[in-house]
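So the structure is just underneath, and the comments pick up after that.
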Amino acid sequence: MNIKTLSLAIAATSLMAGTAVADYTGLSYDATLNTGDVMAGTWTARIYATFSGSTDQLNAVYGDGDNALLIEAVGGSFYQNAFGAAVSTGINPALLPVFPSLAYDSWVTIGLQDQTGNAMLNIGIDFIDFEAGGAIWTDNGSWFATPDDAQVYEVGGQVLIGQFTVAGDDGVFGTISLQGKNADNSN
């Protein structure tokens, strides 16, 4: 799957999202082809929930009995660094200069890319398969941050929900549900 096809997978995911914020406008991504000696032949996608309001929040990414959460690498597996983690709270930025490939680790988040100031939590998600390069799946789990945590607020119209690195011909696909708050604090 090439990067052009990735956009179709993300658009389909956006349409399939379950409960969403009223000012939620969709999903977007930044995709980077990795070159050089460290991760040549792979590409990394950062996936964002996008919003129209300047004070909108994303509080949770979840799956439930009606809409299971699934994020998978189509055609291959996710890159997982031995010094990384399934969630951004486990990414230690002090290790990046020593282990440059850590920057390409696959992880999920609400807003932040490492453990610095990160108050994100998760419940009901078994990340064992994901940490082995497989899919994330749950029908009763979430990663989340509370409305009091600054990381839930959009920055430039976006809240980061994950980083995923795969081999050159592989893709990222999934179905997620989102919960958040509008500027007036309504869910």
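The values are calculated or read from the model by the stated rules, or taken from the named source; none is laboratory data. Predicted model, so just to flag it, every value in this text is computed and none were measured. Backbone-built Cβ (ideal geometry, glycine too); neighbour counts: all protein chains shown. The area values use the complete protein model at the heavy-atom level, side chains included, leaving out ligands, DNA and RNA. Shrake-Rupley method; radii C 1.70, N 1.55, O 1.52, S 1.80 Å.
Details
- For THR55, net neighbour charge (Lys/Arg +1, Asp/Glu -1) across residues whose Cβ lies under 10 Å away: -3
- Relative to the longest principal axis of the Cα atoms of the chain, the long axis of helix 3-16 makes an angle of roughly 30 degrees.
- In this label model, LEU95 and ASP148 are separated by 3.0 nm, measuring between points 7 Å along each Cα→Cβ vector.
- Structure-derived mean projected area of the Cα convex hull in nm²: which label, when the choices are (i) 19.1; (ii) 12.0; (iii) 9.9: (iii)
- Order by protection proxy (mean Cβ within 10 Å, highest first), peptides 107-115, 161-169, 38-46: 107-115, 161-169, 38-46
- 11 Å beta-carbon shell around ALA86, net charge (K/R +1, D/E -1): -4
- Karplus (6.51, -1.76, 1.60) ³J(HN,Hα), θ = phi - 60°, over region 128-142, in Hz, Gly and Pro reported as x: 4, 5, 4, 5, 9, x, x, 7, 9, 8, 7, 10, 6, x, 7
- Placing ASP37, ASP170 in order of accessible area, with the largest value first and a 1.4 Å probe, yields ASP37, ASP170.
- Local net charge near THR25, Cβ-Cβ under 13 Å (Lys/Arg +1, Asp/Glu -1): -3
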